[in-house]
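Notes for the one structure printed next.
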Ligand SMILES: [Zn+2]
């Protein structure tokens, strides 16, 4: 094999997932989830989740500000939520057990949207020397995937996907905190959320916690970052950004 042949096969092996491939995969994955999972018919809950999402995405910069954000509430026990690179936000009703206030749910959704705006899925997809790029592209879009009998599994449990890296998680924690504060949600609620997550960890349903270890360190560093984003929260309050989303 000459060196050009070698290069070609290396690039085939490592592959390269583009942003637009991921966005297309997100659209089709989200449509599949709507077909397979139970969609909540509780209009109050649906409006509540939409209200929080609207407040958060209103603070995004371009190109994300121009996305046609698509929000769905699934009536499923998983304590989880996700956002996909095409601008899809999915929330499972199980998360209400741990995200008990609008501010706590804004902390979850801000974190997930931050993974999108930080381009984490694309980096994750391209960090894998995937043997099956097709499967990867189809399922890497979100933090959750379904197995072949329709159970929702987290990527890490499937073994195909890696959860986001620790450094990506820290980045998303800070960017998510900034996002919620800028939207006028109380940033301290993120610390409460993680405490609730840790307390609910004994539950058998797969949760956000499976891909998001809730270490004491994480709670401590979030606590420190709350002080950093307080000026953003205060500016939002002064500007009249005071979301009032309720169930
Ligand atoms: Zn995360």
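A few notes on this one:
- Spacing of the two label points (7 Å from each Cα toward its C-beta) at residue 19 and residue 54, in nm: 2.8
- Computed E for residue 101/residue 237 - FRET, C-beta separation, R0 25 angstrom, nearest 0.05: 0.95
- With R₀ fixed at 25 Å, the C-beta to C-beta distance from residue 195 to residue 228 puts the FRET efficiency at about 0.80.
- In plain terms, the chain from residue 220 to residue 42 could stretch by 60.5 nm, reckoned as 0.36 nm per residue minus the Cα-Cα distance.
Where a number appears in this text, it was derived from the coordinates with a stated rule and is not lab data. These figures come from a predicted structure and were not determined experimentally. Cβ atoms come from the backbone with ideal geometry, glycine included; neighbour counts cover every protein chain shown.
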